Amino acid sequence: MNIFDRIAMLFRANMNAAIGEFEQPEKMLNQIILDMRSQLVKAKQQVAAAIADEKRLQDQTRQELKEAEDWERRAMLAVQQNQDELAKQALMRRTEHISRGEQLNLTWAAHKQETDRLKESLRTLNDNIEEANRKKNLLLAKQRRADAQRRINETMSHISEKSAFEAFARMEEKIESNERRVKASAEIDEEFSGDKLANDFKRLESGSGSATAEMQLIALKQKMGMVGAGAQVPSKALGSGAGAAEDAAEIRQVPEGKKAQ
């Protein structure tokens with residue numbers, strides 16, 4: 001089991017525990033991101049150690065091959081000095097270094113392949129953590145919307161639609177009742193305060209408005225030729241005040257218009 005398998009198992013365990021205690025989403029998501037970054041740091045350290053081992057194997061391989069080349073030069077020197085036995089020993093030593101070099105080269109090649117895979121996994125892990133960090137804000141926004149909707153639903157569930165309308169109707173009735181009491185109070189004040197005789201004449205004078213309007217209507221009909229010039233004005237209209245008398249006089253002086261069509 002490599003470092004990334006161990007990290008994955010540990011992360012799944014931490015994440016399952018956090019989801020099982022899903023009470024504070026923002027806190028839990030932040031903690032998950034922190035755990036992921038912490039595991040990333042450990043993974044980087046492990047990968048760095050693997051890369052160091054790979055470079056050590058590479059250096060050892062090169063050193064063995066270099067030693068083989070050196071013993072080959074020594075063998076050539078021994079041959080030049082007519083030291084064949086010494087040349088044979090140098091060639092045997094060269095063979096030993098070549099053999100160890102080949103073995104180390106195979107080990108280095110396998111280790112380099114594993115190291116390259118670990119580096120790729122490390123890049124993927126880093127990208128996933130950055131993507132998770134970007135998604136965190138979106139998840140938190142969704143959670144806030146869900147919380148707001150839940151609070152709205154809880155509030156609405158405690159509100160009875162019928163009782164709300166009944167309360168509104170009671171308030172409407174109370175306002176209208178207050179309005180009626182104010183009007184009644186105003187009528188009482190008007191009826192039982194001040195000079196009663198002056199109030200009676202004020203009401204009498206206020207009736208002249210309707211008579212004046214009636215005389216103006218007759219005058220308009222005469223002008224339009226809808227009634228004759230001698231149309232009679234109602235007696236109660238003529239007797240409703242000085243202004244009404246003047247209007248009646250003006251109506252009698254209007255010349256005879258056209259006959260009604």
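The values are calculated or read from the model by the stated rules, or taken from the named source; none is laboratory data. What you are looking at is a predicted structure, and each value in this text was computed from that prediction instead of being measured. Here the Cβ is made from the backbone with ideal geometry for all residues, glycine too, and neighbour counts use every protein chain on show.
Remarks
- Candidates are the residues of region 114-134 that are among the basic types (Lys, Arg) and surrounded by 12 or more Cβ atoms within 10 Å (Cβ to Cβ); the one that is farthest from Lys44 (Cα to Cα) is Arg117.
- The number of residues in region 91-127 being among the aliphatic types (A, V, I, L, M) and either modelled with pLDDT under 90 or in contact with a Leu (Cβ under 8 Å, 6 or more places away or on another chain) (or both) comes to 5.
- Residues located in region 104-113, provided they are out of contact with any Ser or Thr (no Cβ under 6 Å at 6 or more places or on another chain) and surrounded by 13 or more Cβ atoms within 10 Å (Cβ to Cβ): Thr107, Ala109, His111, Lys112
- Scanning region 138-153 for residues being among the polar types (S, T, N, Q) and either exposed (fewer than 11 other Cβ atoms within 10 Å of the Cβ) or not assigned by TED's automatic domain parsing to the domain that holds Ser38 (or both) gives a total of 2.
- Selection status of Asp127, within 30 Å of Pro25 (Cβ to Cβ) and charged (D, E, K, R): yes
- Residue match in region 54-63 (condition: buried (at least 16 other Cβ atoms within 10 Å of the Cβ) and modelled with pLDDT under 85): no
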